[in-house]
Amino acid sequence: MHDEDLQTLSRPATPRGSAGRPATTPADTHADPKWLGPVLVVAIVLAALNLRPAITSLGALFEEARTGLHMSGTVAGLITSVPALCFAVFGVTAPRLSRRFGPAAVVCAGMAAVAAGLLIRPFADSAAAFLAASALSLAGIALTNVLLPVIVKRWFPDRVGTMTGLYSMALAAGTSLAAAATVPLTSALGGNWRTGLLVWAALAVAAVLPWLPVAAASRREKAAAPAAVQEDAGPSVVRSRTAWALACYFGLQATGAYVTMGWLPQIFRDAGVSASTAGVLLAVTMVMGVPLAFVIPGLAGRMRHQGPIAAVLGLFGLAGYLGLYLAPAGGAWAWALLLGVSNCAFPLVITMIGLRAKSPAGVVKLSAFAQSTGYLISIPGPLVIGTLYQHSGGWDLPLALMAGLLVPQIALGVLAGRDRTIEDECGMRD
């Protein structure tokens with residue numbers, strides 16, 4: 001990206017109404033300071049970098065943490081299922097908190113919660129304390145998950161695709177970095193798993209810093225806004241077919257992503273691939289999301305209908321699962337690449353959330369509804385796949401199920417990608 005592109009990106013755009021006139025937003029009553037745009041871009045990227053290391057760093061050291069804290073199998077299973085549950089439960093609170101304090105202030109608090117949880121967690125002396133600290137970080141991540149699309153819609157309304165691509169790429173990079181670097185960092189710092197987990201708190205603390213001035217500026221803007229604007233709660237999304245399509249699409253793509261992260265190495269190992277190679281194959285699948293997470297939202301933002309992208313991503317997944325069924329070891333690298341492309345449905349659905357509502361108030365309601373409902377849908381997926389694998393003695397049935405789920409995922413993506421907004425469906429006017 002060239003310097004002039006970065007300068008353009010960092011300038012908050014003026015929201016426009018349907019006739020090209022400035023839309024009615026709080027910004028109309030309080031001009032943004034010139035420094036806000038560049039600082040906000042940095043803040044968004046740093047926040048996105050911190051949305052998954054709390055999870056993937058623990059995954060890399062889970063056996064050591066489980067042994068060190070004397071976790072039972074039940075508690076260990078609970079910890080692996082906590083992320084999706086926390087994302088669903090705490091994400092629901094985001095709209096109310098956003099209306100009360102402003103989205104930037106809530107994201108700032110969310111990043112502080114992530115940092116606090118990551119600082120406390122390595123010093124936990126029991127499984128319960130470890131779980132509580134993890135939940136604190138996950139609560140902050142849940143709020144940020146929901147509100148980053150709102151921040152983008154509010155300050156970059158005509159660059160939704162580009163900015164969503166930027167933070168989706170940062171999210172994918174943070175996910176891959178924590179998964180790949182945690183074990184080497186732990187070894188370099190003495191081999192203690194607690195130190196390996198503590199390292200990632202530094203990144204979270206760094207993310208808090210740029211959000212402090214952004215939150216302060218946002219609070220001043222909110223105080224200057226008319227009461228009617230401040231109290232706008234947005235449309236009732238449960239009456240929108242598009243909102244339900246987005247929520248179910250989000251849930252099915254999350255199911256595929258969690259199954260891939262949790263079971264893909266085992267699929268390859270059962271096919272005769274070595275443990276080290278299976279780990280590299282998973283890393284390849286995850287790294288595919290870094291460049292594509294930037295490209296796909298930018299492309300989606302320029303299209304009136306994003307359904308074709310959802311269909312193509314689903315077809316890549318079908319090809320990947322078919323390959324795993326027919327020749328899991330022989331074409332392992334190809335299947336890993338295909339599934340990596342398919343898992344880029346996440347940045348697509350985040351982009352569509354920003355495009356399917358006209359106002360920041362609508363985006364926050366839609367984002368909370370789609371993500372919370374979607375994460376609830378995704379919770380049983382890895383467990384069901386594991387149960388089928390255990391009882392069938394192989395991967396034929398699990399792979400058939402995952403391929404089958406891609407069919408409704410494609411259909412829902414086409415429905416969610418139609419050029420319409422939840423305000424139109426709910427009968428609201430600008």
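The values are calculated or read from the model by the stated rules, or taken from the named source; none is laboratory data. Small disclaimer: the values here were computed from a predicted structure and weren't measured. As a convention, Cβ positions derive from the backbone with ideal geometry for all residues, glycine included, and neighbour counts pool all protein chains shown. Ligands, DNA and RNA are stripped out before the accessible areas are found, and what is left, the full protein with its side chains, is counted by its heavy atoms. Shrake-Rupley method; radii C 1.70, N 1.55, O 1.52, S 1.80 Å.
Key figures
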{"read-out": "Portion, in percent, of the accessible area of the chain that falls on carbon or sulfur, probe 1.4 Å", "value": "66 percent"}
{"read-out": "Extension gain, Val42 back to Val407 (0.36 nm per residue minus Cα-Cα distance, nm)", "value": "127.6 nm"}
{"read-out": "Full-stretch length increase - Ala400, Ala206 - with 0.36 nm per residue and alpha-carbon distance subtracted", "value": "65.5 nm"}
{"read-out": "Order by protection proxy (mean Cβ within 10 Å, highest first), peptides 124-130, 315-321", "value": "315-321, 124-130"}
{"read-out": "Residue-normalised accessible area of segment 278-430, given per residue in Å² at a 1.4 Å probe", "value": "41 Å²"}
{"read-out": "Accessible-area order (highest first, 1.4 angstrom probe) of the listed residues Ile267, Ile379", "value": "Ile379, Ile267"}
{"read-out": "Among Leu203, Leu246, Leu185: highest mean-square fluctuation, GNM of the chain, C-alpha pairs under 10 Å", "value": "Leu185"}
{"read-out": "Probe 1.4 Å, protein heavy atoms only - accessible area per residue of segment 46-101 in square angstrom", "value": "45 Å²"}
{"read-out": "Taking the chain and dividing mean pair separation by its residue count, relative contact order in percent (alpha carbons under 8 Å, at least six apart)", "value": "24 percent"}
{"read-out": "DSSP H segments from the chain that extend 27 Å or more along their own axis, Cα-based, with Kyte-Doolittle mean of 1.0 or above", "value": "73-91, 127-155, 160-188, 307-326, 396-416"}
{"read-out": "Whole-number D in µm²/s for the chain (Stokes-Einstein; Kirkwood sum over Cα pairs; 20 °C, 1.002 mPa s)", "value": "98 µm²/s"}
{"read-out": "Leu85-Lys34 FRET efficiency (beta carbon distance; Förster radius 51 Å; 0.05 resolution)", "value": "0.75"}
{"read-out": "Equivalent ellipsoid semi-axes, segment 171-217, via Cα gyration tensor eigenvalues times 5, rooted, Å", "value": "27, 13, 6"}
